[in-house]
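Read the structure below first, then the notes.
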């Protein structure tokens, strides 16, 4: 069967920037295949098992979607082309063994010229979906999506790590030529010491400047700083305001000798505590907002209505939450019900997971999306939102 290949296969690793780029992709109403593959070594150690997993999921997509009575012949052919393109891609077993990946996300629409392949640093539930929007919600559940950055810095060395409490990757290291204090007395010693102090100042200032450049290139949400306690105030003073507002705390560590695993073990409880605090603060604001005359919404109907009215400041989602819904193809209004859009009378289109559309709509209006992982009891399985007005 002849089919049209997408213009280009774009490969990337999961980062906050990559996630934002995926959310911004417009399929122009064309159906796209979203395929998630798990490479968990304890479950799928061999390439043939990974290939069998991909083949079974793609066959399931064909069975579930290709014979959709509501789809036109052109839509069915486009979907068949997309599935076949992904099938050819995973037929090359080298594609199923990306370096340092424990999963893979593949997004393909030949009709829209989309073929995105994202290496995942953490395990993912194997699944496939077909929709006119890329199914990116599982990527938000990836704890190593670039949310955390760790700078460890001493008087002469600095190292940068990205990841989370489960996995940290060292991305940069610098060792500056900073002279040590010597034993001579008198003016020579004082002058020498001032020179050393200036070198330390320059080293710290340079490390903070490079960290800010990294933030601009590869944005992250939270920052931890490790090293000798006597340097903490000095480093904090040199942080750019955009870095300072992301600062979650300090810790002590041997900067030059610590392994990546030792750094991870040291920051893991700090990250966990910060995430819990962030969730508790958001849920506290939610409780205040639910009071009379407050600005909050809870429950899918209310939250989708607020999103459609562009009133959401922060969207709160329970970990793993998913449900079906509808979107108006004319105005983009989201709803749970299948009736005509109350704004323009257009018949809405079904979505297998309306939460995916809710995340995309929230991102388009610069609303924060917070997946609640620790304080799940308070949401009781419901979505919620903090509102601008």
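Taking the range 111-187 as the region of interest, the strands (runs of 3 or more DSSP E) fully inside it that hold 2 or more residues being at pLDDT 90 or above are 114-120, 127-131, 148-153, 157-163. Among the conditions (1) at pLDDT below 90; (2) not in a loop (DSSP other than H, G, I, E, B), residue 8 misses just one, which is (2). Which residues, counting only those in the range 308-329, are modelled with pLDDT under 90 and over 13 Å from residue 359 (Cα atoms)? Once the filter is applied, which keeps residues that are modelled with pLDDT under 90 and over 13 Å from residue 359 (Cα atoms), the range 308-329 yields 319, 320, 329. A Cβ distance below 9 Å, combined with a sequence gap of six or more or placement on separate chains, defines the contacts here; from the range 224-245, residues that are on the phi > 0 side of the Ramachandran plot reach residues that are surrounded by fewer than 20 Cβ atoms within 10 Å (Cβ to Cβ) and in a strand (DSSP E or B) in the pairs 227/157; 227/250; 227/251. Checked against the criterion of being at pLDDT 85 or above, surrounded by 13 or more Cβ atoms within 10 Å (Cβ to Cβ) and part of a strand (DSSP E or B), the range 190-201 has no qualifying residue.
Here 332, 325 are screened, and the one residue that is surrounded by fewer than 21 Cβ atoms within 10 Å (Cβ to Cβ) and in contact (Cβ under 8 Å) with a residue 12 or more places away in the chain is 332.
Being over 24 Å from residue 388 (Cβ atoms), modelled with pLDDT under 95 and surrounded by fewer than 18 Cβ atoms within 10 Å (Cβ to Cβ) is not true of residue 236.
Please enumerate the residues belonging to the range 30-53 that are in contact with a strand residue (DSSP E or B) (Cβ under 9 Å, 6 or more places away or on another chain) and at pLDDT 80 or above. Of everything in the range 30-53, those that are in contact with a strand residue (DSSP E or B) (Cβ under 9 Å, 6 or more places away or on another chain) and at pLDDT 80 or above turn out to be 30, 31, 32, 33, 34, 35, 36, 37, 38, 39, 50, 53.
Here's the yes/no breakdown for (1) assigned by TED's automatic domain parsing to the domain that holds residue 377; (2) in contact with a helix residue (DSSP H, G or I) (Cβ under 7 Å, 6 or more places away or on another chain); (3) at pLDDT 95 or above:
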{"position": "217", "(1), (2), (3)": "no, no, no"}
{"position": "222", "(1), (2), (3)": "no, yes, no"}
{"position": "225", "(1), (2), (3)": "no, yes, yes"}
{"position": "242", "(1), (2), (3)": "no, yes, yes"}
{"position": "250", "(1), (2), (3)": "no, yes, yes"}
{"position": "261", "(1), (2), (3)": "no, no, no"}
{"position": "267", "(1), (2), (3)": "no, no, yes"}
{"position": "280", "(1), (2), (3)": "no, no, yes"}
{"position": "283", "(1), (2), (3)": "no, yes, yes"}
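Identify, please: which residue in the range 54-86 is farther than 24 Å from residue 10 by Cα and in contact with a strand residue (DSSP E or B) (Cβ under 8 Å, 6 or more places away or on another chain) and is, among those, modelled with the lowest pLDDT? The selected residue is 65.
The values are calculated or read from the model by the stated rules, or taken from the named source; none is laboratory data. Just so it is clear, the model here is predicted, and its values are computed rather than measured. Don't worry about glycine lacking a Cβ; one is built from the backbone with ideal geometry, like all the others, and counts go over all protein chains shown.
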